[in-house]
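Down below is the structure, laid out as structure tokens.
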């Protein structure tokens, strides 16, 4: 269909719009790298929004975040906390129903998605969402996913799509948005 909307997808614009429209009070991010999404979240919220950004920094075997660089870059923002935090353990420290936006971009694969559904979904506030890198068929078949025999994401999304509102946007890298459809009392 011909439309003026048919053009290149900018994932930064998606993060900006979601953050602006939600006016979150608490954002939690796993995987900081150079701070692109962290900057997006901060730019589109006010100083009353608490932003917690976690990474394993040099412990990640691959392209990893530079903690000193990030601490300096975001030091003027008192609402941003950048700390070491292992995605597989940190959920135990996060109160249930406390996160408005949870962003996960840590070389996502099916194992990470499954872990999110099993351990992080109950951390969302009543209006909370999860934003995850990946989710498209194309992203499931990038070189490193195949080379390292990583568990595909699409089957995990399909497993949970009746329990949660799940929408994947784009192809590479793609972004998946998950909203809990269960009513929190």
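Remarks
- Scanning segment 133-142 for residues that are in contact with a helix residue (DSSP H, G or I) (Cβ under 7 Å, 6 or more places away or on another chain) and either touching a residue at least 40 places away in the same chain (Cβ under 8 Å) or surrounded by fewer than 17 Cβ atoms within 10 Å (Cβ to Cβ) (or both), we see that the one that is nearest to residue 180 (Cα to Cα) is 135.
- Filtered by the rule that a residue be closer than 24 Å to residue 32 by Cβ, surrounded by fewer than 16 Cβ atoms within 10 Å (Cβ to Cβ) and touching a helix residue (DSSP H, G or I) at 6+ places or on another chain (Cβ under 9 Å), segment 143-166 gives a lone residue, 151.
- Annotation note: Cβ proximity below 8 Å between a residue of segment 155-171 that is on the phi < 0 side of the Ramachandran plot and in contact (Cβ under 8 Å) with a residue 60 or more places away in the chain and a residue that is in a helix (DSSP H, G or I) and buried (at least 16 other Cβ atoms within 10 Å of the Cβ) (sequence gap 6+ or interchain) occurs for 169/14.
- Listed by position, the strands (runs of 3 or more DSSP E) inside segment 34-120 whose residues that are surrounded by 14 or more Cβ atoms within 10 Å (Cβ to Cβ), without any contact (Cβ under 8 Å) to a residue 40 or more places away in the chain and on the phi < 0 side of the Ramachandran plot number at least 3 are 50-55.
A short reminder: the numbers here are calculations on the coordinates, not readings from a lab. It should be emphasised that the depicted structure is a prediction, and the values quoted were computed from it without experimental measurement. Reconstructed Cβ throughout: ideal geometry from the backbone, glycine too, with neighbour counts over all protein chains shown.
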